[in-house]
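The values are calculated or read from the model by the stated rules, or taken from the named source; none is laboratory data. Note that the structure is a prediction, hence the values are computed from the model and not measured. Don't worry about glycine lacking a Cβ; one is built from the backbone with ideal geometry, like all the others, and counts go over all protein chains shown.
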Amino acid sequence: MTTLGKLIPTDPESDDLVDELIIISDKTGPESLAWLTGYGVIGLYLSVVLLAGRYTRAIFQYDGAYIMFHEYPNVDELLQLCSDIYLVRELKEWKLEEDLMAKLIYLYRSPETMLRVTKLRPYKPKLKQIKQD
């Protein structure tokens, strides 16, 4: 940016002098923001507004699908099923793998069955029977 200043008379016949300031400014922004300022003020405004709107929506958005797949109380049986699928795949038991995959897909497609499988069960320790003679 270049600034030029000079004193000029307000009226050619008077001796009053007024400051005049001339500013010459480049129409380009810094090189690091060239991708953003290349669209002008409207592009900059829209990008800031849209970004703020997206983050605001993400904060307050309710995602029911997240709860459906991430908040199960007991996933031990699902983990065991996935481990079994991995094992039969390694053993190349394709028919058994297909059956286990069908079971897993059925569980994920049926929320009530998934809840029945993953419900929290009370812990009941197994007691050993002691023989009395």
Given (1) at pLDDT 70 or above; (2) in contact with a Phe, Trp or Tyr (Cβ under 9 Å, 6 or more places away or on another chain), index of the condition residue 69 fails: (1)
Hey, residue 29 of a type in the set (Gly, Ala, Ser), at pLDDT below 70, assigned to a loop (DSSP other than H, G, I, E, B) and more than 26 Å from the chain's Cα centre (by Cα) or not: yes
